[in-house]
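No value in this document is a laboratory result; all are computed from the given coordinates. Bear in mind that the values here come from a model prediction, so they are computed numbers and not experimental data. Quick reminder, even Gly has a Cβ in these numbers, built from the backbone with ideal geometry, and neighbours come from all protein chains shown.
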Amino acid sequence: MLTLDHVYILCGIYLTVFGALSFADRHHAKKIGTGLFWLVYGITFFAGASLGNENAGWMVILMAVIVAAKQMGTGNYRESSPEMKRAASERLGNRLLVPVLAVGVITFIIAAATNLGALIAFGVASIAALILALLITRGAPLQTFQEGRRLIDAIGWAAILSQLLAALGALFAKAGVGTVVSGIVAGAIPTDSRLAVVVAYCVGMALFTVIMGNAFAAFAVITAGIGFPLVITMHGADPLIVGPIAMLAGYCGTLMTPMAANFNIVPAALLEMRSKYGVIRAQIPLAAALLIANILLMYILGFPR
């Protein structure tokens, strides 16, 4: 029976290989730092809970030191020439999109037809998509590690940002930040107004996501401070409805913040855009419109008639 631990082990294998390839890259000016960073990160996936909280914390600190010392960079990934890439893309055409689309389709089918859950299904779908990509392109299996290393080196330390911010959100929740937020909001808005608390919940989710860079981190704090005491308990909202809408409101904040580096800054770098904030500027009007829509949806649908 597959478990989430198997998916984590697979991630650990890839990250360890990325680290080893970085160490072996003679053309990599910062191969020691880069290789050590991905190796340590891979160990956290391999070892998991057996590491213990303190050991995991020291490993995160080591990774932070590597980043602070600017010891991460890019190397040689044995890529094909631009001419060969262009010729291959013209030959394969839209078939290149099949593995990408297969990830979502296979994940949905497995999650719906089994009890494995979405995350395990996503891991299985990723392997299936990799096999499809190799069959379509007839590429060398070992080159997948080089291409994976190229992409993750381009992303750099931002690859782990979502995990760190989610952990920070849980820490804030345990520290009682939600209680502080509740007191501030209760003193700033008319809490007897259903619309006012809905606006505070949705806008609070978006703003805290802008600060944290992660809607999951914001959800723990804002729901504890506003959603549960004011929207659900005081006004009797249905948590099964307002919870998902609040998350969508948080995602509106994701579209507007450089803190969500893996969503907004990394694509700009990979696409070699002139401004690293170009993606954010393009998304802000849509994010604002979606935030207003989420406020209306929560207000209209979130309360029993």
The relative contact order of the chain, taking Cα pairs under 8 Å that sit 6 or more residues apart, comes to a percentage of 14
For the range 211-281, list log₁₀ I(q)/I(0) at each q in 0.13, 0.28 Å⁻¹, using the Debye formula over Cα point scatterers of equal strength and ignoring solvent, two decimals each.
-0.46, -1.15
Highest GNM mean-square fluctuation among A113, A215, A289, for the chain with Cα springs under 10 Å, belongs to A113
Cα-based Kirkwood hydrodynamic radius, the range 149-222, one decimal, Å:
13.6
The range 61-133 and the range 168-235 have their Cα centres apart by a whole-number Å value of 35
Compute the angle between helix 177-188 and the longest alpha-carbon principal axis of the chain, please, reported from 0 to 90 degrees and rounded to the nearest 10.
40
Output needed for the range 1-126: three equivalent-ellipsoid semi-axes, defined as square roots of 5 times the C-alpha gyration tensor eigenvalues, in descending order, whole Å.
30, 27, 10
Classify the range 55-179 as rounded, prolate or oblate, taking a ≥ b ≥ c as the square roots of the eigenvalues of its Cα gyration tensor: rounded when a/c is under 1.5, otherwise prolate if a/b is larger than b/c and oblate if not.
oblate
Per DSSP H run of at least 4 residues, take -39500 (n - 2.57); add these up for the chain, divide by its residues and hand me the 222 nm value, nearest 500 deg cm²/dmol.
-23500 deg cm²/dmol
When 1/r is averaged over all different Cα pairs and the result inverted, which Kirkwood radius in Å belongs to the chain?
21.9
For A113 paired with L51, estimate the spin-label separation in nm (one decimal), with each label point 7 Å from Cα along the Cα-to-Cβ line.
3.5
For the range 15-74, state the average projected area of the convex hull of the C-alpha atoms over all orientations, rounded to one decimal in nm².
3.7
Calculated P(r) tail over 15 Å for the range 104-167, as whole % of Cα pairs
65
For the range 153-305 the translational diffusion coefficient, Stokes-Einstein from a Kirkwood Rh over Cα pairs at 20 °C and viscosity 1.002 mPa s, in µm²/s, is roughly 136
The long-range amide H neighbours of G302, using H built 1.01 Å from N in the peptide plane and a cut-off of under 5 Å, are none
Local electrostatic count, Q146, Cβ distance below 12 Å [Lys/Arg +1, Asp/Glu -1]:
-1
On a straight-distance basis, which lysines could pair with K276 in a cross-link, Cα separation under 22 angstrom, same-chain partners fewer than 8 positions away excluded?
K70
